[in-house]
Amino acid sequence: MPAIVLFDGDCNFCDASVQFILNRDSKGHFHFASLQGEAGKALRTRHRIPEAIDSIVLLKDGVPYLKSDAAIRIAEGLDGGWRWLGLIRIVPRPIRDFGYDVIAKNRYKWFGTKETCKLPTPEERSRFIDQQTNPPTL
């Protein structure tokens, strides 16, 4: 099963992050589900992801990665030099997560919320779990 990125479907920054991933994931490693959608809610429940987590989460091999761990693991799976961001792991998690939390806390104020979203291409749509006619068993 591909890695699944759960994202805040109302957030401009999260939407831009999903677009960023789509444009740099030529092998289709990542699929997506909005935290507000049925699939996202089911995955959140199944993996016991707290309601307080309201930004990007990565589910890879059945393991949920949160905050900076999610961002680093996503970067490592992208095309090009983005995998080098994995070196950030040398920074202690509390420091990494502090920076992540500052951005997450202010993302609506700094980047706004989505009134509408870019319509995905048919190829992209196949990677959005809520858009699939036969979604994988969650």
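Near the amide H of His31, under 5 Å away, which other amide H atoms are found, from residues 5 or more places off or on another chain, if H is placed in the peptide plane?
The list, which skips near neighbours in sequence, is Ala3, Ile4, Val5.
Which peptide among 17-25, 86-94, 43-51, 73-81 comes first, and what is the full order, when sorted by highest mean count of other Cβ atoms within 10 Å?
Numbers: 17-25: 17.7, 86-94: 11.1, 43-51: 12.9, 73-81: 15.7.
Peptide ranking by packing, descending: 17-25, 73-81, 43-51, 86-94.
Once the piece of chain linking Ser26 and Glu51 is laid out straight, how much longer is it, given 0.36 nm per residue of separation minus the C-alpha distance between them? Don't jump to the answer; show the numbers that get you there.
On the way: separation 25, 0.36 × 25 = 9.00 nm, distance 3.14 nm.
Difference between extended and current length: 5.9 nm.
Mind listing P(r) for the stretch 6-105? All alpha-carbon pairs, 10 Å bins, whole percents.
15, 49, 33, 2
With Cβ to Cβ distances under 14 Å as the rule, what net charge do the other residues near Gly86 carry (K, R +1; D, E -1)? Could the numbers behind the result be given before it?
Details: positive: Lys60, Arg73, Arg83, Arg89, Arg93, Arg96; negative: Asp69, Glu76.
Net charge around Gly86: +4.
What relative contact order, as a whole-number percentage, does the stretch 21-74 give when Cα pairs under 8 Å and 6 or more residues apart are counted?
In percent, rounded to a whole number, it is 22.
Between Rg and the Kirkwood Rh of the stretch 1-65, both from Cα atoms, what is the Rg to Rh ratio?
Over the Cα atoms of the stretch 1-65, Rg/Rh equals 0.94.
Per residue and in cubic angstrom, what volume does the convex hull of the Cα atoms of the stretch 41-87 have?
For the stretch 41-87, the hull spanned by Cα atoms encloses 77 Å³ per residue.
Quick note: the coordinates plus some simple rules give every number you see, no bench work behind them. Treat the numbers as computed from the prediction; the structure is a model and nothing was measured. Backbone-built Cβ (ideal geometry, glycine too); neighbour counts: all protein chains shown.
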